[in-house]
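To start, the structure itself, in structure tokens.
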Amino acid sequence: MDRLRLAASDPFPSQPNDDTQPAPILIEGELESEVEKIMAEVTYQNKLFFEVKWTGYALTTFEPVENLQDNAALDEWEQFTTPYRNQCSKLLPAGFRRGDERQYVKRNTHSQNGEGG
């Protein structure tokens, strides 16, 4: 006798369903979703991936860099992370993630008063 059952796709009224998924939009003949913001970046098997928070979705996904070309969120991520990157290698500290940046030291070498920082 099989005791396993499929999970119910309709939660009880008291259970929140927090991963709504809006329909993608059609742009130049391709279905696309809007990137809300980039949360982190990781290199896996010598390939750069970004953890992406999609507009209207609760969960994030990891996307290869080529999926985010010409995206304002990628430009914003690069600007946001510049102060935290190693000046020589341009790498972020291991484990760097948006929201946790207070635990990392900014690596800006120029401050407004001209001193290193």
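Scan region 16-75 for residues that are touching a strand residue (DSSP E or B) at 6+ places or on another chain (Cβ under 7 Å), closer than 24 Å to L92 by Cβ and part of a strand (DSSP E or B) and the total you get is 21.
Scanning for something touching a helix residue (DSSP H, G or I) at 6+ places or on another chain (Cβ under 8 Å) and either among the small types (G, A, S) or modelled with pLDDT of 90 or more (or both), does region 9-28 turn up at least one residue? Checking region 9-28: not a single residue is touching a helix residue (DSSP H, G or I) at 6+ places or on another chain (Cβ under 8 Å) and either among the small types (G, A, S) or modelled with pLDDT of 90 or more (or both). Between F80, F49, the distinction of being in contact with a Pro (Cβ under 6 Å, 6 or more places away or on another chain) and at pLDDT 90 or above belongs to F49 only. Of all the residues in region 39-63, those that are of a type in the set (S, T, N, Q) and under 18 Å from W77 (Cα atoms) number 4. Filter region 81-105 down to the residues that are more than 13 Å from A40 (Cβ to Cβ) and either in contact (Cβ under 8 Å) with a residue 60 or more places away in the chain or of a type in the set (G, A, S) (or both) and list them by number. Within region 81-105, just S89 meets the criteria. Among the residues of region 79-95, those that are closer than 16 Å to F50 by Cα and either of a type outside the set (A, V, I, L, M, F, W, C) or part of a loop (DSSP other than H, G, I, E, B) (or both) comprise Q79, T81, T82, R85, K90, L91, L92, P93, A94, G95. Out of curiosity, is R5 modelled with pLDDT under 90, touching a strand residue (DSSP E or B) at 6+ places or on another chain (Cβ under 9 Å) and basic (K, R)? Judged against the criteria, R5 is not a match. The number of residues in region 59-77 being modelled with pLDDT of 85 or more and over 12 Å from the mean Cα position of the chain (by Cα) comes to 5.
The values are calculated or read from the model by the stated rules, or taken from the named source; none is laboratory data. Fair warning: this is a prediction, and the values are worked out from it, not measured in the lab. Cβ sites come from the backbone with ideal geometry, for glycine too, and all protein chains shown count toward neighbours.
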